[in-house]
1. Spin-label point model (7 Å from Cα, Cβ direction): what's the A:PHE329 to A:ALA200 distance in nm?
2. Top mean-square fluctuation among A:ASN262, A:ASN122, A:ASN171, Gaussian network model of chain A, C-alpha springs under 10 Å?
3. Could you tell me the accessible area of B:PHE181 in Å² (1.4 Å probe, neighbours in place), rounded to the nearest ten?
4. Just report the Cα centroid separation between segment A:258-295 and segment A:117-176, whole Å.
5. Which residues of segment B:16-57 bury at least 30 Å² of accessible area once all protein chains are present, versus their chain alone (1.4 Å probe)?
6. For segment A:118-133, state which residues have at least 40 Å² less accessible area in the presence of all protein chains than in their chain by itself, taking the probe as 1.4 Å and leaving out ligands, DNA and RNA.
7. For the protein assembly as shown, what is the accessible area per residue in Å² when the probe is 1.4 Å?
8. With both bridge residues required to lie in segment B:206-334, what share of the DSSP beta bridges run antiparallel, to the nearest 5%?
Amino acid sequence: MMRDSQENIPFALRQFTPAQLREALRKMHLIRLFEEGAEESYMRGLIHGTMHLSIGQEASAVATCMELTDADKITSTHRGHGHCIAKGADVGRMFAEFFGKETGYCHGRGGSMHIADVKTGNLGANGIVGGGLPIAVGAALTAKRLGREEVTVCFFGDGANNEGAFHEALNMAAIWKLPVIFVCENNRYGMSTSAAYATAVKNIADRAPAYAMPGVTVDGNDFSAVAEALHEAIARARAGEGPSLVENLTYRWRGHSKSDRNRYRTKDEIEEWMGRDPIARFRAELIAHGVLDEAGAEAVEAEARAAVAAGIEFARQSPAPGVGDVTKFVHAEAAA
Amino acid sequence: MNAQVQIDAQLRELSYAEAIREAMAIALESDPAVVLMGEDIGTYGGAFQVTGDLIDRFGPERVMDTPISELGGAGVAVGAALTGLKPIFEFQFSDFAALAMEQIVNQAAKLRYMLGGEAEVPVVFRMPSGSGTGAAAQHSQSFEAWFGHVPGLKVVQPSTPAEAKGLLLAALADPDPVVVFEHKLLYKMKGPVPAGHYITPIGKAAVVRPGNAVTIVASAIMVHRALEAAAKLAAEGIEAEVIDLRTVRPLDRETIIASVKKTGKLLCVYEGVRTLGVGAEISALVAESEAFDYLDAPIQRLGGAEAPIPYNPDLERAAVPQSPDIERVARQLAKGEV
Ligand SMILES: Cc1ncc(C[n+]2csc(CCOP(=O)(O)OP(=O)(O)O)c2C)c(N)n1
Ligand SMILES: [Mg+2]
């Protein structure tokens, strides 16, 4: 009886405590608001360079990281703000990085494309598409050799699956049975190039059998579906059974970067996907199952909003690095 | 200066990006073997809008979007060049050529030699290069010295729209692989560009400002920074001679040596990392030549910092030579203060 009634309840609501679910919603709002704050700061000239926003992909980032501890590692991508927040980074230090400040996670040297938080296990975004894939396998090798319980989650995009590094990394992870989970955020495009054109297989998960690992494709805008797929893959990795591939089907609402004119996709397509807002969906689910009420959800969003405002303020007031320090951090500093 | 002559006949302003596009359009029109390959060069028009609308004019079979596969894509271009096509392969950023070093360095550069002259690889690699865009360490590098170190490759670095077109057409006419470094900060720069087909010869530098007090050899965006510095120095009565290097491999020994014999002072300015960079080779060739006896002061080099390109804009500026740096060192040289 008990079992039957539970079956209609989404995995995430069975698996996680109300406090955890509330925190997940807060992080999803935080990512959305952070991205909007970054976009606005860019418009106002507080951020230079370029930026790749993950608005629309929040469920993928947060649900993927649900069961990870600070000891577990992730490797991230150029579209990495959401991953960084999901793994537990402080948005003030992230904004500080984007503003080029010494208090930023990379002391102003890296910017958006290299955002990282090594202390919470985020080994870094990457300016090189596919660059993180073998690195994740290396992190998993460390865990295995040193007998640590840790797993590594490797985020990558649909476009990255056509780099040689992807194929080499998956093969090595499989032959050495390493505790790594390859998480493809398939948002249908690598810049302007559709996965349908650029990738020989229909789903990225179809690559998994070639490397003798399980591969699943899930609705990446469904928090619970992603969390469930990761639950299984993480359990497998922790049990020493080797790597898995999880493909989260999702969509980026914004252009690829700040210079995208969106000529390769239609307004209709963008609007259709905006109708599948992962945050609205998760929030409605939590309210429907009584985890939160409307006022509670509002409070969660307000908390995230306040954190973003405080983060921008912190970043603004932080000092910039000295221009004399161009070569600092190139090598380890000689011991005093 | 052979492009210069024609410019006078037909003054027409194009941007550096437009000039490159025009060269590619001429090539596509005149030679059915020419194909463009690269990431997002079709509908998107290229990351820096260099290919622009060429897909509309020539179709997706001549303007081919590749998957994100630099090593494979460059290799396909090499194989196609080996067998009769003339590919122009665009890297989205020169930094990503690091993923394709195998095909460029081990294959394209050496095939003619390894096969005893029985084969050729007429491929062109286009590489948006350099810092100044806030794109940080993996999107801002200047790799010309890397490729300049490889026998079998030719390496060019246009500094103006006219050169960009003429050097690309020269690269296409060349039977061997040519690597073209385009500077990202120059794409929007406008300048006079001759219409039609013409070639800016590979291996020839250009004296872009004559002078007798000091020779400044510069490449790509550094040419403009050197000219700016030279204009300031001229107001003080110091006439610097500015040489636009244009080609990194093979270097134009004659132009450089003749200038140093005239001025007796040499300053090399380049954006790549200073150590083991293009300026090191220029310094050595002068020191080894008959110009050595004419030197009145130690050779000076201004190059990129011994660091990756940082994100913070002030640090980023500090990491590569700027016009005031050039002005300062050239002045010291001219005044015998070095
Ligand atoms: C090796 C390499 N090639 C090309 C690029 C330029 N680039 C940056 S992101 C991107 C698209 C990546 O697509 P995908 O992996 O699907 O990630 P998404 O942007 O969709 O999140 C491209 C082509 C790069 N940064 N690195
Ligand atoms: Mg994608």
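The values are calculated or read from the model by the stated rules, or taken from the named source; none is laboratory data. The shown structure was predicted, so the numbers you read here are calculated from the model rather than taken from an experiment. As a convention, Cβ positions derive from the backbone with ideal geometry for all residues, glycine included, and neighbour counts pool all protein chains shown. Surface areas here come from the heavy atoms of the whole protein model, side chains and all, with no ligands, DNA or RNA. Shrake-Rupley method; radii C 1.70, N 1.55, O 1.52, S 1.80 Å.
1. 4.0 nm
2. Greatest mean-square fluctuation among the candidates belongs to A:ASN262.
3. Accessible area, nearest 10 Å²: 0 Å².
4. Cα centres, segment A:258-295 to segment A:117-176: 29 Å.
5. Flagged in segment B:16-57: B:ASP40, B:THR43, B:TYR44, B:GLN49.
6. Buried-area filter returns A:ILE128.
7. Per-residue accessible area for the protein assembly as shown comes out at 39 Å².
8. Rounded to the nearest five, the antiparallel share is 20 percent.
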